[in-house]
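The values are calculated or read from the model by the stated rules, or taken from the named source; none is laboratory data. What you are looking at is a predicted structure, and each value in this text was computed from that prediction instead of being measured. Heads up, the Cβs are rebuilt from the backbone with ideal geometry, glycines too, and the neighbour counts pull from every protein chain shown.
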Amino acid sequence: MTWRRRIEPFTRPLFFASARLLRGMTLGVRGLATDGDGRVLLVEHTYVPGWYLPGGGVERGETPEQALVREMWEEAGVELVDRPTLVSVHDNGAYFPGDHVLVFRCGTWRPVASSARGEIKSVGWFASDDLPADTTPATRARLSELLHGVAPDPTW
């Protein structure tokens, strides 16, 4: 277990408190990128367990699309060539009240050097029917919606 994962349970309440004071609502983005073999791009963070679609928070002065472009580059070394397509919007209030997540489908992309600086433990491409065992339930649900036609669940 990395030091970031050990301290995350203690730093999370501080992050949530500051986010609540500074922002009435928080907004995050996640992106689905696939390779030529149809495999999906997932990332594993250093500070929480499990595999996720790449993404993160939308910063002040940034559009959700700009945030996704930045996060895909930073976390996974993927530069989006085409504009991503917004697919669904989800309420993540069970995890953090007032939080919402936008999910985008990424079109054409090219590999670039990641700039994650210690945030990402691993980046991987996986067949949708052969995901790592610790892929998060929300990630699995979004992949079912995006790839298998399951109706989007409004709750993250």
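Being modelled with pLDDT under 95, of a type outside the set (F, W, Y), loosely packed, with under 11 Cβ neighbours inside 10 Å and closer than 16 Å to E119 by Cα is true for just one of R6, R60, R12. Which residue is that?
Values: R60 fails: closer than 16 Å to E119 by Cα; R12 fails: loosely packed, with under 11 Cβ neighbours inside 10 Å.
After ruling out the rest, the residue left standing is R6.
Consider S114 against the criteria (1) surrounded by 17 or more Cβ atoms within 10 Å (Cβ to Cβ); (2) modelled with pLDDT of 95 or more: it satisfies all of them except one. Which criterion is unmet?
Every condition holds for S114 apart from (2).
Determine which member of the set E75, E44 is within 27 Å of T11 (Cα to Cα), of a type in the set (D, E) and in a strand (DSSP E or B).
One residue alone meets the criteria, E44.
Here's the yes/no breakdown for (1) under 19 Å from L42 (Cβ atoms); (2) touching a residue at least 60 places away in the same chain (Cβ under 8 Å):
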{"residue": "G61", "(1), (2)": "no, no"}
{"residue": "E74", "(1), (2)": "yes, no"}
{"residue": "D82", "(1), (2)": "no, no"}
{"residue": "V89", "(1), (2)": "no, yes"}
{"residue": "G98", "(1), (2)": "no, yes"}
{"residue": "V101", "(1), (2)": "yes, yes"}
{"residue": "D134", "(1), (2)": "yes, yes"}
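Looking at V123, V150 in this structure, which one is surrounded by 14 or more Cβ atoms within 10 Å (Cβ to Cβ) and either touching a strand residue (DSSP E or B) at 6+ places or on another chain (Cβ under 8 Å) or over 22 Å from A67 (Cα atoms) (or both)?
Checking each option against the conditions leaves just V123.
Look at the stretch 22-40 and say how many of its residues are out of contact with any strand residue (DSSP E or B) (no Cβ under 6 Å at 6 or more places or on another chain) and either of a type in the set (G, A, S) or at pLDDT 95 or above (or both).
Total satisfying the criteria: 4.
Could you please let me know if R83 is modelled with pLDDT under 95, more than 19 Å from S115 (Cβ to Cβ) and either of a type in the set (A, V, I, L, M, F, W, C) or surrounded by fewer than 21 Cβ atoms within 10 Å (Cβ to Cβ) (or both)?
no
What do you reckon, is A133 at pLDDT below 95 and either aliphatic (A, V, I, L, M) or in contact with a His (Cβ under 8 Å, 6 or more places away or on another chain) (or both)?
Values: at pLDDT below 95: no; either aliphatic (A, V, I, L, M) or in contact with a His (Cβ under 8 Å, 6 or more places away or on another chain) (or both): yes.
So A133 fails the test.
Condition first: touching an Asp or Glu at 6+ places or on another chain (Cβ under 6 Å) and in a loop (DSSP other than H, G, I, E, B). Now tell me which residues in the stretch 96-143 satisfy that.
Of everything in the stretch 96-143, those that are touching an Asp or Glu at 6+ places or on another chain (Cβ under 6 Å) and in a loop (DSSP other than H, G, I, E, B) turn out to be G107, T108, V112, S115, A116.
Given the options V69, V48, name the one that is touching a residue at least 24 places away in the same chain (Cβ under 8 Å), at negative phi and not acidic (D, E).
Step by step, each of V69, V48 is checked, and only V48 is touching a residue at least 24 places away in the same chain (Cβ under 8 Å), at negative phi and not acidic (D, E).
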